[in-house]
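Taking it in order: structure first as structure tokens, then the write-up.
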Ligand code: GUN
């Protein structure tokens, strides 16, 4: 069993980006700039956005964090998006999800200039991804593909089972793993809350991507010997022994599943750091494209 060390792979990507930024600075060219918008008080979202802006700093990107009260109107938020679209200094725009119930995430995301859509959530980006055209790939699936590539895992002909059909992870993952590329060329089964016999699909899988947000959902009896397991879950569970008051739990029962796997990602230190590295890569790409 080999651990897929997301922290290490993400660091190597960040090291390369740092060199690229230094080169841009030497040449007097524009430095990548990410603008992140966060609405309301959601502990997990606050942590993620802080990690994203900190990672920007680490590699020498510029970042701007825009905070709004929960009560902001959709119109005010759209105005901000339009302003960021027009600002030539901003290369990438990210609106952290979820948004409060009175704001339509689809409306807001589809107002982002597709050339600045570093999350890859705009309908144009998604359409291009589905057609296999160059575009921004959502950060978590992109990070997972980069990790498979880094470890030179040949996924050709494998049966990939994805659990969870979100627009952020499961659905784009199903598209990427079925592409005629390596990594890719998988036969994909996309499981969700209405799937009958998820365990049976999982037992047949060569790769399982668990992205449903239920701690320890994937147990050892659902995994065949030698499978590759990618754990996207990061649920906060109350834990009074921790300073923060919580610990992070993946969707995989790592303790009992890991010994059966050829490769497995840990939580934390697996997919999480790769998501951030992929977002940085997208922001760098936006900067290169637009300048
Ligand atoms: N919420 C959970 N994951 C993400 C992400 O990758 N991007 C944004 N914008 N919001 C999220």
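The values are calculated or read from the model by the stated rules, or taken from the named source; none is laboratory data. No experiment lies behind these values; they were computed from the predicted model shown. Neighbour counts run over all protein chains shown; Cβ positions are idealised from the backbone, glycine included.
Comparison of 141, 183 shows that the only residue that is over 22 Å from residue 66 (Cβ atoms) and within 16 Å of the ligand (Cβ to nearest atom) is 141. Of the listed requirements (1) part of a helix (DSSP H, G or I); (2) under 18 Å from residue 118 (Cα atoms); (3) in contact with a strand residue (DSSP E or B) (Cβ under 8 Å, 6 or more places away or on another chain), residue 66 misses just one: (1).
Do we find that residue 119 is within 22 Å of residue 32 (Cα to Cα), in contact with a strand residue (DSSP E or B) (Cβ under 6 Å, 6 or more places away or on another chain), modelled with pLDDT of 95 or more and more than 10 Å from the ligand (Cβ to nearest atom) in this structure? Spelling it out, it is not the case that residue 119 is within 22 Å of residue 32 (Cα to Cα), in contact with a strand residue (DSSP E or B) (Cβ under 6 Å, 6 or more places away or on another chain), modelled with pLDDT of 95 or more and more than 10 Å from the ligand (Cβ to nearest atom).
Only residues that are more than 15 Å from residue 284 (Cα to Cα) and surrounded by fewer than 17 Cβ atoms within 10 Å (Cβ to Cβ): list them for the range 43-63, please. 43, 44, 45, 46, 47, 50, 51, 54 - these are the residues of the range 43-63 that are more than 15 Å from residue 284 (Cα to Cα) and surrounded by fewer than 17 Cβ atoms within 10 Å (Cβ to Cβ). Of all residues in the range 86-112, exactly one satisfies the criterion of being surrounded by fewer than 17 Cβ atoms within 10 Å (Cβ to Cβ), under 22 Å from residue 62 (Cβ atoms) and in contact with a strand residue (DSSP E or B) (Cβ under 7 Å, 6 or more places away or on another chain), namely 89. Selection of the range 16-44 for residues being in a loop (DSSP other than H, G, I, E, B), over 19 Å from residue 92 (Cα atoms) and in contact with a strand residue (DSSP E or B) (Cβ under 8 Å, 6 or more places away or on another chain) yields only 40. Of the residues 128, 156, 152, the single one that is under 18 Å from residue 189 (Cα atoms) and modelled with pLDDT of 95 or more is 156. Among the numbered conditions (1) within 12 Å of the ligand (Cβ to nearest atom); (2) within 20 Å of residue 269 (Cβ to Cβ), the only one that residue 173 does not meet is (1).
Report whether or not residue 225 is at negative phi, more than 16 Å from the ligand (Cβ to nearest atom) and either assigned to a loop (DSSP other than H, G, I, E, B) or modelled with pLDDT under 95 (or both).
Working: at negative phi: yes; more than 16 Å from the ligand (Cβ to nearest atom): yes; either assigned to a loop (DSSP other than H, G, I, E, B) or modelled with pLDDT under 95 (or both): yes.
Yes.
The single condition from (1) touching a residue at least 40 places away in the same chain (Cβ under 8 Å); (2) closer than 29 Å to residue 70 by Cβ; (3) not in a loop (DSSP other than H, G, I, E, B) that residue 100 fails is (3).
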